[in-house]
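*Asks:* Structure provided below as structure tokens; questions to follow.
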Amino acid sequence: MNILITGVTSGFGKQIAVDCIKNGFTVIGTGRRQNKLDELKNELGDNFIPLCFDIGDISATKMALQTLPNDILANIDVLINNAGLALGLESADKADISDWQAMINTNTLGLVNITHEILPFMVAKNDGYVINISSTAGNYPYFGANVYGATKAFVTQFSLNLRADLIGKKVRVTNIEPGLCGGTEFSNVRFHGDDDRAGKVYENVEFIRPEDISNMVLWLINQPKHININRLEVMPTAQTFAGLTVVKDL
Ligand SMILES: NC(=O)c1ccc[n+]([C@@H]2O[C@H](COP(=O)([O-])OP(=O)(O)OC[C@H]3O[C@@H](n4cnc5c(N)ncnc54)[C@H](OP(=O)(O)O)[C@@H]3O)[C@@H](O)[C@H]2O)c1
């Protein structure tokens, strides 16, 4: 089985890549950091094919995919659209416009670019599986999630619309919507390298771990082909829905 995972240089993507290799799959893993991809190549060996590019750049994405052998590019069994990031947690009026643009480029444009490249091969074979990593931020608003949450709402609706387009085809789509997850670089990236602030997000909380997400992905992949899990929303037990805020004397 050939599995293309975007964003394998850390977090969920890395764990999914490790577990997929353990299961005997061939993994094509992407990211922007060549040194991290080199480390993974050393760790994972011949069944790991690294591709270094910025997913927000459509021509870089196309060029990277073209370096794959034809028999692999035309035979991706599972595409896991995991690469993504949050930048900043300020209210919209204080947010940095370049952060917003980077999130839109990566989380939405990047995800649709690579899907557009791979999906026709899956449809031609009448076999394939697209797993998109969205977020509960796409389902429920929270302070400072403004554009990040909006990009994830896009991912969720794109997943559902893909399913609608794929009627009559044996190509499956699942949208995974995780809540608070630790053990990744997510908050370090969100807070622009302020690791102390990032660490505080996870203090005294039993959060979801990359291993948990990877287990879910493997469970999905191992479902019989006549079953499509449309969406999987998952939170740590410690997290639940926020109440709606009421401000008195406004
Ligand atoms: N952690 C959470 O609480 C949480 C919750 C819900 C959803 N998610 C989503 O889960 C996914 C994985 O997050 P994570 O927590 O594992 O974060 P992470 O540790 O920061 O991993 C993000 C991955 O995405 C890649 N990436 C980011 N921007 C990229 C770009 N422009 N081009 C190519 N690759 C890029 C990174 O690689 P490079 O830096 O090498 O490019 C990295 O491999 C993201 O989509 C995130 O939004 C996370």
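The values are calculated or read from the model by the stated rules, or taken from the named source; none is laboratory data. Please read all numbers here as calculations on a predicted model, not as lab measurements. So basically every Cβ, Gly included, is an ideal-geometry build from the backbone, and we count neighbours across all protein chains shown. Calculation scope for accessible area: heavy atoms of the full protein, side chains included, ligands and nucleic acids excluded. Shrake-Rupley method; radii C 1.70, N 1.55, O 1.52, S 1.80 Å.
*Asks:* Where residues in the range 123-144 are open to solvent by less than 30 Å² (accessible area, probe 1.4 Å), more than 11 Å from the ligand (Cβ to nearest atom) and small (Gly, Ala, Ser), which of them is nearest to the chain's Cα centre (by Cα)? Reasoning before the result, please.
*Replies:* In the first step, residues of the range 123-144 are kept if they are open to solvent by less than 30 Å² (accessible area, probe 1.4 Å); the result is 128-138, 144.
Now drop any that are not more than 11 Å from the ligand (Cβ to nearest atom), which leaves 128-131, 144.
Retained after the next criterion (residues that are small (Gly, Ala, Ser)): 128, 144.
Details: Gly128: 17, Gly144: 20 Å.
Here the answer is Gly128.
*Asks:* Within the range 66-86, can you find the residues that are crowded, with 20+ Cβ neighbours inside 10 Å and among the aliphatic types (A, V, I, L, M)? If you could, list the steps in order and put the result at the bottom.
*Replies:* Initial filter on the range 66-86 (crowded, with 20+ Cβ neighbours inside 10 Å): 76, 78-84, 86.
Once the filter is applied, which keeps residues that are crowded, with 20+ Cβ neighbours inside 10 Å and among the aliphatic types (A, V, I, L, M), the range 66-86 yields Ile76, Val78, Leu79, Ile80, Ala83, Ala86.
*Asks:* Also, quick follow-up: State all residues of the range 164-193 that are closer than 18 Å to Gly138 by Cα and of a type in the set (Val, Ile, Thr); if no residue qualifies, say none.
*Replies:* Result: Val173, Thr174, Ile176.
*Asks:* What about Ile221, is it within 18 Å of the chain's Cα centre (by Cα), under 23 Å from Ala86 (Cβ atoms) and either more than 16 Å from the ligand (Cβ to nearest atom) or aliphatic (A, V, I, L, M) (or both)?
*Replies:* Numbers: within 18 Å of the chain's Cα centre (by Cα): yes; under 23 Å from Ala86 (Cβ atoms): no; either more than 16 Å from the ligand (Cβ to nearest atom) or aliphatic (A, V, I, L, M) (or both): yes.
Answer is no for this residue.
*Asks:* For the range 177-237, which helices (runs of 4 or more DSSP H) that fit wholly inside it have 1 or more residues that are among the polar types (S, T, N, Q), open to solvent by less than 40 Å² (accessible area, probe 1.4 Å) and touching a helix residue (DSSP H, G or I) at 6+ places or on another chain (Cβ under 6 Å)? First the steps, then the outcome.
*Replies:* Working: elements: 186-190, 195-201, 210-221.
Result: 186-190, 210-221.
*Asks:* Six or more apart or on different chains, Cβ under 9 Å: which pairs go from a residue in the range 229-250 that's β-branched (Val, Ile, Thr) and modelled with pLDDT of 95 or more to one that's exposed (fewer than 15 other Cβ atoms within 10 Å of the Cβ) and assigned to a loop (DSSP other than H, G, I, E, B)? Could you list them?
*Replies:* What qualifies is Ile229/Gln223; Thr237/Glu206.
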